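> Just dropping this structure here.
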Number of protein chains: 2
Amino acid sequence: MVTANLFREGMARLGAAVAIVTTDGPAGRRGLTVSAVCSVTDSPPSLMVCINRASRSHPVVLANGVLCVNVLNGGHEPLSQAFAGRRAPDADPFLGEDWRTLATGAPALASAAAAFDCRIKLAREIGTHSAILCEVEAMTVGSDADALVYFNRRFHHLPWEASA
Amino acid sequence: MVTANLFREGMARLGAAVAIVTTDGPAGRRGLTVSAVCSVTDSPPSLMVCINRASRSHPVVLANGVLCVNVLNGGHEPLSQAFAGRRAPDADPFLGEDWRTLATGAPALASAAAAFDCRIKLAREIGTHSAILCEVEAMTVGSDADALVYFNRRFHHLPWEASA
């Protein structure tokens, strides 16, 4: 029997990049911090992102049918907290950063390590979350920068160059 | 137009934990190194792993219907290379490490940072890969250790404690 607590303890050992998923469209503009993103295939360029169904962004993302995965760098820790709702919950987390639009209209963070602007191809409810398969329609790659990684329930900064 | 090269350039910016996916059963014992694993939900404990369909392990994993995701620590870099086929391709990469079985019979690495022993619930071909949804039937959590993370096309070691 694998309890939810034991599972989370194990998953804390799986280091993961931190990203902000944004969306915009008829259902409104929203964004949230996630750490469950993975590459699926480069042909066609596709990724998977898992979002908690209890999140206020969840229905908005699905209704708009588009999302942008903004991969964060080491300087984005405060932004990651803002989109996780850990600063003033009613403040607009989009304020104070430069955003652009690429193909779908979802906000792309100008300073992102990489931004993947996607159309949702498939969403499937699995327990508390939805697994969302996305095809990348446009993207940007940022300049070389440290990565922001979540591991052992803490933020870590990973240098662009490997340590010796 | 997002080319495969541009997509891979962007994905190189998404730091990811390194794991060895193993399987055993009627179709045989196999293992391969992956970096596309993500948590899906803790209820029921579920994860997603994406495997290249060209991999020799791919049909074996699907035929057995079970797999174990062994999350690696900083000391496992040579093992990761062995399961990526980057050492002697015909050598048995399982040799020289301690393996056990938990619930499904898939090999669990005794020294893993965490081992998630899973039954496959759903597999879907997406381009070059299969996205495989798994439910965790048993697991182990290792002692505190640095993480092995792949970022910017290199291995990095992430300290257990966050740097100040």
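> Note down the relative contact order for segment B:1-79 as a percent, whole number, built from C-alpha pairs under 8 angstrom at least six residues apart. Display every interim value, and only then the final one.
Details: 96 pairs, mean separation 26.3, N = 79.
The value is 33 percent.
> While we're on this one: If you rank B:Cys50, B:Cys118, A:Cys134 by fewest surrounding Cβ atoms within 10 Å, what's the result? Write out the running numbers ahead of the final one.
Details: B:Cys50 22, B:Cys118 30, A:Cys134 27.
If I rank by nearby Cβ atoms, fewest first, I get B:Cys50, A:Cys134, B:Cys118.
> Hey, for a label at B:Arg124 modelled as a point 7 Å past Cα toward Cβ, could you say which residues of segment A:1-44 have their backbone N under 12 Å away?
The answer is none.
> What spacing in nm lies between the two simple spin-label points modelled at A:Ala103 and A:Asp144, each 7 Å away from Cα in the Cβ direction?
Roughly 2.9 nm, to one decimal.
> Within the set of other residues whose C-beta is less than 12 Å from the C-beta of B:Ala106, count the net charge using Lys and Arg as +1 and Asp and Glu as -1. List each step's numbers first, then the result.
Numbers: positive: B:Arg29, B:Arg30, B:Arg100, B:Arg119; negative: B:Asp24, B:Asp117, B:Glu137.
Counting the neighbours of B:Ala106, the net charge comes to +1.
> Put +1 on the Cβ of every Lys and Arg and -1 on every Asp and Glu Cβ in segment B:106-164; which of B:Ile126, B:Leu148, B:Val136 then has its Cα farthest towards the positive end of the dipole?
Result: B:Ile126.
> Size of the dipole of segment B:4-158 about the Cα centre, Lys and Arg at +1 and Asp and Glu at -1 on the beta carbon, nothing else charged, in debye to 20? Spell out each step's value before the answer.
Working: 14 positive and 14 negative charges, 118 e Å.
Taking the Cα centre of segment B:4-158 as origin, the dipole is about 560 debye.
> Give the Kirkwood hydrodynamic radius (Å, one decimal) of the protein assembly as shown, defined as one over the mean of 1/r across all pairs of different Cα atoms.
19.7
> Now, a different point. Once the dipole of segment B:11-113 is set up with Lys and Arg at +1 and Asp and Glu at -1 on Cβ about the Cα centre, which of B:Thr33, B:Phe94, B:Pro78 lies farthest towards its positive end?
B:Thr33
> What relative contact order, as a whole-number percentage, does segment B:4-158 give when Cα pairs under 8 Å and 6 or more residues apart are counted? Each step should come with its number before you reach the end.
On the way: 341 pairs, mean separation 43.5, N = 155.
Contact order relative to length: 28 percent.
> Taking 1 over the mean of 1/r across every pair of different Cα atoms in chain B, what Kirkwood radius in Å do you get?
Values: mean 1/r = 0.0617 Å⁻¹.
It is 16.2 Å.
> Can I ask one more? HN-Hα J couplings of segment A:137-152 from phi, Karplus 6.51/-1.76/1.60, θ = phi - 60°, integer Hz, Gly and Pro as x?
9, 7, 7, 10, 10, x, 6, 4, 7, 4, 9, 9, 10, 9, 8, 6
> Any idea what the dipole of the protein assembly as shown comes to, in debye rounded to 20, about its Cα centre with Lys/Arg Cβ at +1 and Asp/Glu Cβ at -1?
On the way: 28 positive and 30 negative charges, 118 e Å.
Here the size comes out at about 560 debye.
> Starting from the Cα gyration tensor of segment B:1-90, take the square roots of the eigenvalues, sort them a ≥ b ≥ c, and report rounded, prolate or oblate (rounded when a/c is under 1.5, otherwise prolate if a/b is larger than b/c, else oblate).
Values: a/c = 1.43, a/b = 1.20, b/c = 1.18.
Since a/c stays below 1.5, the shape of segment B:1-90 is classed as rounded.
Read the figures in this text as sums done on the coordinates, not as results from a lab. Fair warning: this is a prediction, and the values are worked out from it, not measured in the lab. Ideal geometry is used to build each Cβ from the backbone, glycine not excepted, and the neighbour counts take in all protein chains shown.
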